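Peer 1: Dropping the structure in here first, questions after.
Only the coordinates and a few stated rules stand behind these numbers; no lab work does. All figures in this text were calculated on a predicted structure; none of them were measured in a lab. Note that each Cβ is placed from the backbone with ideal geometry, even for glycine, and that neighbours are counted across all protein chains shown.
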Amino acid sequence: MRGLFVTGTDTGVGKSVLSAALVAAMVAAGESVRAFKPVVTGLDEPPDANAGETWPPDHELLASAAGMRPEDVSPLRFGPAVSPHLAAELAGARIDPAELLAHARGGARPDSPTAEETLVVEGVGGLLVPLADDYTVCDLAVALGLPVVIAARPGLGTINHTLLTLQVARSAGLQVCAVVLTPWPEEPTAIERSNRETIARVGEVEVEILPPISRPVAVELAGAGESLPWRRWLR
């Protein structure tokens, strides 16, 4: 299977924007792309009135970038803004890891995925977030066997969070392509520049940057995604 698994150092660090940017850039380059996010929570949350232009929920953003139906991107969708296993419990449901894997691999599609198709998976929260009893996002990433890209904040606190995520990923045998700091400001501060250098040096990892994206539209997403070396990551 050809693709990338996008995880993050925490929730709200830019995984969805990074994933959508990668998908949009691949589509713009003529790739056949499928997006997958195992679980979406927080759909009952009202939009942030101070956030400027309203961004769609994660599965809708990915679906728009990939040209898919939102329900085909995320098979499980819950209202409360809680962890996946709790959201399922509150809904009286159970998350079946085998079903998630089957959906990720194209089992929910009426047609069979092709060998040339590229899969971009966006995780939920960080790698150790539980999806079900004794089954984490990291377990899903290992089962899919895709190269991993880590989304991280550029500011204070990101060194520890990013290095811990790298340690978990590598301990599980995952191949980490890069860390992407997002959103990277036009005029980074001394601490942001230092964080980028320190993560690269101490973590022995490639560190890329994703510029701010003002609107959830394909042209802006694709432009930002094209600034990343995703072709090399897919090899």
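Peer 1: Which FRET efficiency, nearest 0.05, do residue 32 and residue 227 yield, Cβ-Cβ r, R0 22 Å? Please list the in-between numbers first.
Peer 2: Working: r = 22 Å, r/R0 = 0.99.
My answer for the efficiency is 0.50.
Peer 1: I want the antiparallel fraction of DSSP beta bridges within segment 2-234, as a percent rounded to 5.
Peer 2: 10
Peer 1: A follow-up question, please. With +1 on each Lys and Arg Cβ and -1 on each Asp and Glu Cβ, and nothing else charged, work out how big the dipole of the chain is about its Cα centre, in Debye to the nearest 20.
Peer 2: For the chain, the charge dipole is close to 560 debye.
Peer 1: Can you give me the Cα centroid spacing of segment 133-148 and segment 201-226 in angstrom?
Peer 2: Using only Cα atoms, the two centres lie 23 Å from each other.
Peer 1: Using C-alpha positions alone, give me the convex hull volume of segment 90-235 per residue in cubic angstrom.
Peer 2: Spread over its residues, the Cα hull of segment 90-235 gives 160 Å³ apiece.
Peer 1: Separate question: For the chain, list the DSSP H helices whose alpha carbon atoms reach 18 Å or more along the long axis and whose average Kyte-Doolittle value is -1.0 or above?
Peer 2: Span-like helices in the chain: 15-28, 158-171, 190-203.
Peer 1: The chain: longest stretch without exposed GluC sites (Glu not before Pro) (DSSP loop, at most 11 other Cβ within 10 Å), sites themselves excluded?
Peer 2: Numbers: sites that count: 53, 116, 186, 204.
My reading of the result: 117-185 is the longest stretch.
Peer 1: If you filter segment 5-96 for trypsin sites (Lys or Arg not before Pro), then keep DSSP loop positions with at most 12 other Cβ within 10 Å, what is left?
Peer 2: Qualifying residues, ordered by number: 94.
Peer 1: Summing -39500 (n - 2.57) over the DSSP H runs of n ≥ 4 in the chain and dividing by its residue number, what mean residue ellipticity at 222 nm do you reach, to the nearest 500 deg cm²/dmol?
Peer 2: Details: 10 runs with 91 residues, N = 235.
Calculated from helices alone, the mean residue ellipticity at 222 nm is -11000 deg cm²/dmol.
Peer 1: Next question, about the same structure. With r as the distance between the Cβ atoms of residue 82 and residue 102 and R0 = 25 Å, compute the FRET efficiency 1/(1 + (r/R0)^6) and round to 0.05.
Peer 2: The value I calculate is 0.50.
Peer 1: Right, another one. Just to verify a number: FRET efficiency for residue 91 and residue 220, C-beta to C-beta distance, R0 = 45 Å, to 0.05?
Peer 2: Numbers: r = 34 Å, r/R0 = 0.76.
Once rounded, the FRET efficiency stands at 0.85.
Peer 1: Just subtract the alpha-carbon distance of residue 69 and residue 189 from 0.36 nm times their residue separation and send over the number in nm, one decimal.
Peer 2: Gain in length upon complete extension: 39.2 nm.
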